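The values are calculated or read from the model by the stated rules, or taken from the named source; none is laboratory data. Computed from a predicted structure; not experimentally measured. Glycine also receives a Cβ, built like all others from the backbone with ideal geometry; neighbour counts cover every protein chain displayed. Surface areas here come from the heavy atoms of the whole protein model, side chains and all, with no ligands, DNA or RNA. Shrake-Rupley method; radii C 1.70, N 1.55, O 1.52, S 1.80 Å.
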Amino acid sequence: AVDNSFGDHSTLHIENDYYTYGGITRPVEMQLVPDVFIDKLFLTPIQTETGWSLDVRVRVKNLSEQKQTRRVTIRIEDTEFHIGEIDVDGRATAETRVLLKDLAVLPWTSETPSLYRVKAVLHDGRVPVDDLADRVGFRSVWTEGKRILLNGTPLHLAGYNRHEDHPQLGNALPVEAMVTDLEILRDLGCNFVRTSHYPNDHRFLDLCDEMGFYVWEESHARTVDFSHPKFIEQIDTSTTEMVEAHYNHPSIIMWGCLNECESNTEAGKEHYERVLGIIKSLDTSRPTTFASDRHQNDLCFGLADIVSINVYTGWYRGTLDDIGPWLDDFLTWLHSPDSHGGEGKPVIISEFGAAGLYGNRQRTRGKWSEEGQADLLRESLRIYLNHPDVAGLAIWQFCDVRVTPNWQHWLGRPRLMNNKGTVDEYRRPKLCYDAVKEQTHQTRNAKCETRNG
C-alpha cells in the first residue's frame, strides 16, 4: 500500500510544515534473484599512515530451507580479490568480512570527488550466480574538539536545508531537476546539504557523491509524538533502513535524527539515546547529530557527536542586533559543565532564516519583504561564517515549499507555503540570493588567503 493519509496508523507521517505527498515518488525495480543472493554490501574506507584500506562486508541471504555454501569475490575497478566461502543456514542471513589493504586510490573530497566501483560476486562452485555493485569514495570523517575533520583536514560547512519539493513535480523529482538544484547551490558558494527531514532519493545522493557535496542525512521525524504506540517501531525502522540503504555514499558525512523533538525531558532523552544508539550500532565511521530548538533546556547534547541548533533570531525573536549576542551566550553555556555533555563539541547552526515573498519589495525592508530577508541572511552569515566555534551552518531553506493545508498552526503561512526559500518554488532567485553568494564567497576567499599565508 502506498498511502499518504493521516491517522493512528502512523506517528511519523503527520500534518507538518512541509507537504506530505503520496504515491510511488522514487524509482522502483523488481529483480529476480536465486535462492542464495547478495542482500547488502557495506563499504567502509579506512585511512592509514600508508594510504587507504577498505573494510568490506557482504551480507548473503538464503531463501531455501537447506544450508548453502557460496564463494565470494570482490572487484574494485579492474582488480579482483578472492574472499573465500560463506555458509548460510536455511531461511537465514550471514555476513563475510574482509579488509583490503594499501589500495592505490585517490581520496574523496568536495574539491576532488573521486569514486570507485566495487562489485561483489557470489559463486556456486565456479559459476557466478549473483552480484551487487556500488561506488565508494575514500574519505574518513570524525570530530576532534570543536572541529569536524575530513581526511584530517578541518571542514567549513556552509549550505542549506532542502526539501524534495517542486510546484510541477511534487516530490517525484527527475534527475535533471536535482542537478539544477545542486548547480544553484554550487553557484551560491555552498558545499553542504541537510536532507530535512527525511532520507533523500538515492539518485540525489549519487549526484552529491559525484559533484562533491557534503550531506547530513536524517531519518524521518519532525516534532513527532514520542508517546504514540507506533513511534518506537516506526522511528527505529526508518532509522535502520536509512543507514543500511545509504551506507556507502561518501557524501554523507553525518547521520541525524529527531528534528525539534522532546530533547528537553528525561523521558525524551531515553528515545534520543536509543535512536542515536541504533545509528552507532550500524555505523561507527560517521559522527551523529540532531537539530534542537530547546537550546539551554536541552538534555541530550551529550548523546551526539555534533551539537546542532535551530535558531531564528531576528525573525521569531529579537532583532538583527541580537544575533551575535545570542550566539555568544549560547556557546558560553554550551562549553560549560551545565550543558549536559555538550562541552567542547563542534557546533552547527542547523536552521536559521527569514521569510520573503517573491516580488514583495519594500524600501522599509519590513517582514515578508525580499529586502528584509536579505538583511537577516547577510547579517547571520557574517556572524556564523566567521565565528571560530561554529563548524558549519545550514540556511533554512533552499526553496519555498508547500505545507500541509488546513492545519491551524500553519494558517499564518502566506500562500500556504513556507516562504523562507532563497529561491522561490520555481527556483527564481530572491534578493537574498546575492547576499548569500557574497558572504559565502567572501568567507571562502578569506580562508584560502589565510591558508596560503
Residue within region 375-387 that is of a type outside the set (S, T, N, Q), in contact with a strand residue (DSSP E or B) (Cβ under 9 Å, 6 or more places away or on another chain) and in a loop (DSSP other than H, G, I, E, B) present: yes
Single residue of ASP35, ASP55, ASP89, ASP17 found to be surrounded by 11 or more Cβ atoms within 10 Å (Cβ to Cβ), among the acidic types (Asp, Glu) and in contact (Cβ under 8 Å) with a residue 60 or more places away in the chain: ASP17
Number of the condition not met by SER285 [criteria: (1) at positive phi; (2) touching a residue at least 12 places away in the same chain (Cβ under 8 Å)]: (1)
Qualifying residue in region 351-362 (condition: free of Cβ contacts under 8 Å to residues at least 24 places away in the same chain and open to solvent by less than 30 Å² (accessible area, probe 1.4 Å)): no
Filter pass, GLY372 being without any contact (Cβ under 8 Å) to a residue 24 or more places away in the chain and open to solvent by less than 20 Å² (accessible area, probe 1.4 Å): yes
Those residues of region 295-319 which are open to solvent by 60 Å² or more (accessible area, probe 1.4 Å) and either touching a helix residue (DSSP H, G or I) at 6+ places or on another chain (Cβ under 9 Å) or without any contact (Cβ under 8 Å) to a residue 12 or more places away in the chain (or both), in sequence order: GLN296, TYR316, ARG317, THR319
Criterion violated by LEU12 - all others in (1) surrounded by 14 or more Cβ atoms within 10 Å (Cβ to Cβ); (2) in contact with a helix residue (DSSP H, G or I) (Cβ under 9 Å, 6 or more places away or on another chain); (3) under 30 Å from ASP131 (Cβ atoms) satisfied: (3)
Test result for GLU266, free of Cβ contacts under 8 Å to residues at least 40 places away in the same chain and surrounded by fewer than 24 Cβ atoms within 10 Å (Cβ to Cβ): yes
Flag if VAL175 is in contact with a helix residue (DSSP H, G or I) (Cβ under 6 Å, 6 or more places away or on another chain), more than 29 Å from ALA435 (Cβ to Cβ) and free of Cβ contacts under 8 Å to residues at least 60 places away in the same chain: yes
Considering residues of region 64-86 that are at pLDDT 95 or above and touching a Phe, Trp or Tyr at 6+ places or on another chain (Cβ under 8 Å) only, the residue surrounded by the most Cβ atoms within 10 Å (Cβ to Cβ): ILE74
